[in-house]
């Protein structure tokens, strides 16, 4: 024990610069207890570790009433999650301005569910009246910008007293000037307080820009309601941060025209001014939390006009990711979802800056393509994209080999059919992609119900072996992966470079033990 005390004394006597270096190797997440204990060692440790307690805030707590394991269990957000961690942290921030300046990352998974039947116990012990008064007074300290804003300001104060999540979130953001990352859950209602606080409004009569969230670089939004997606038109203020470079949205709906709730409402259009957003990484994806029997909206969905308006508003895109669908039992069924040709047209203005394109148009468009619905689901060309290095697309929407960019380094083809082997062999044999080093094939769709229509096992085996022979001559690495698995994941299996056995049946590929219905392909 004396030796331990001696070692601790030596550590506490280290120069501040060296202590800062040691602290930098301790992850800021999931180490709250460790930081609290270190703060109690000495005043020097307190000054070093206390700021890190505020560096990252996260409250990803699931709804406590989930019936886990039952048929009614769902990963969807159903009902609001406990607000107390958010309220406590916000109160701490407004009470310590020096700590507020240390906040860099905020993740809030709480939200208000107006559709929830019955009541829910939000707290074991509700916030004190003093805490609520402190939050209310902090909101009153935000100066209204105009007469209309005064009305919004009064509503904000009222919502703070009711402990509404959006109102508390807006207050937290107004007091954390150096926050760089924000992840929030949104419902289908307008973001009144956030729009007021974060919109491109003038902070004073002189016309200067709003001072809030000037350092925010990345925003991630997730849809809370499985009944209705949230609209891009309603959360447009979130895109207008001056430092924002990355925007990720899950469960986003965006149609160029829609009516807001009532039939007599005037239609609302999405019309963004070109080159007004600093976003370089745009990602609109499926909401992974929406899984279960009661789900009505599983994916994002956007139409061509809205996508073109959104992409045109960005000054210089480097990464574009779209994973969407027209989900069944949703109003998106009656809307024309964006197709490959729409995406090609929208991205053309960013052809000189794009480095990565990842597109999944969903199962509905695949069915339409299978029926010969339209060639609009096929990408025309990426040859004019001189910086494109990574391309991820489905087999049914893939462009011709000669229309791929010479800069391409990593090609991913999903939802593959038997003809993909000839396509890959052609790409490798043409020699027109000097930078191509990795090809990833995943999500094979070879329906055994239609097995006799596309190939016999022998011809499929020959196509595989011919493709691999060509790839070995070029040095290109080939990977077979599960659907949507990352290249470095456990499902990725290097073919060229070591002996691999792949077993094929009418439903795709497997690498585990075969059965009587599988044909072995080995090299």
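Confirm whether residue 419 is under 21 Å from residue 318 (Cβ atoms), surrounded by fewer than 17 Cβ atoms within 10 Å (Cβ to Cβ) and modelled with pLDDT under 90.
Working: under 21 Å from residue 318 (Cβ atoms): no; surrounded by fewer than 17 Cβ atoms within 10 Å (Cβ to Cβ): yes; modelled with pLDDT under 90: yes.
Here the answer is no, as residue 419 does not meet what is asked.
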Checklist entry - Since residue 196 meets every condition but one in (1) at pLDDT 70 or above; (2) touching a helix residue (DSSP H, G or I) at 6+ places or on another chain (Cβ under 9 Å), which condition does it not meet? => result (1)
Checklist entry - Just wondering, is there one or more residues in segment 129-145 that are crowded, with 17+ Cβ neighbours inside 10 Å, out of contact with any helix residue (DSSP H, G or I) (no Cβ under 6 Å at 6 or more places or on another chain) and at pLDDT 85 or above? => result yes
Checklist entry - Inside segment 264-286, can you point out the residues that are within 20 Å of residue 324 (Cβ to Cβ) and either out of contact with any strand residue (DSSP E or B) (no Cβ under 7 Å at 6 or more places or on another chain) or modelled with pLDDT under 55 (or both)? => result 272
Item to check | Complete set of residues in segment 427-465 that are modelled with pLDDT of 85 or more, surrounded by fewer than 19 Cβ atoms within 10 Å (Cβ to Cβ) and within 34 Å of the chain's Cα centre (by Cα) | outcome: 432, 434, 435, 437, 438
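Which one is farthest from residue 109 (Cα to Cα) among residues in segment 241-263 that are in a loop (DSSP other than H, G, I, E, B) and at pLDDT below 80?
So the first thing to find is which residues in segment 241-263 are in a loop (DSSP other than H, G, I, E, B), and the list is 241-245, 251, 255-256, 259-263.
From the residues that got through so far, the ones that are at pLDDT below 80 too are 251, 255-256, 259-263.
Details: 251: 15, 255: 26, 256: 28, 259: 28, 260: 25, 261: 25, 262: 29, 263: 32 Å.
Going through the qualifying residues, I end up with 263.
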Item to check | Residue list for segment 398-414, filter: touching a helix residue (DSSP H, G or I) at 6+ places or on another chain (Cβ under 8 Å) and in contact (Cβ under 8 Å) with a residue 60 or more places away in the chain | outcome: 414
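Looking at 293, 327 in this structure, which one is in a loop (DSSP other than H, G, I, E, B), buried (at least 22 other Cβ atoms within 10 Å of the Cβ) and at pLDDT below 90?
Values: 293 fails: buried (at least 22 other Cβ atoms within 10 Å of the Cβ).
Answer to the check: 327.
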Checklist entry - Just wondering, is there one or more residues in segment 216-224 that are over 22 Å from residue 319 (Cβ atoms), assigned to a loop (DSSP other than H, G, I, E, B) and at pLDDT below 85? => result yes
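The values are calculated or read from the model by the stated rules, or taken from the named source; none is laboratory data. All values reported here derive from a predicted model rather than from experimental measurement. Note that each Cβ is placed from the backbone with ideal geometry, even for glycine, and that neighbours are counted across all protein chains shown.
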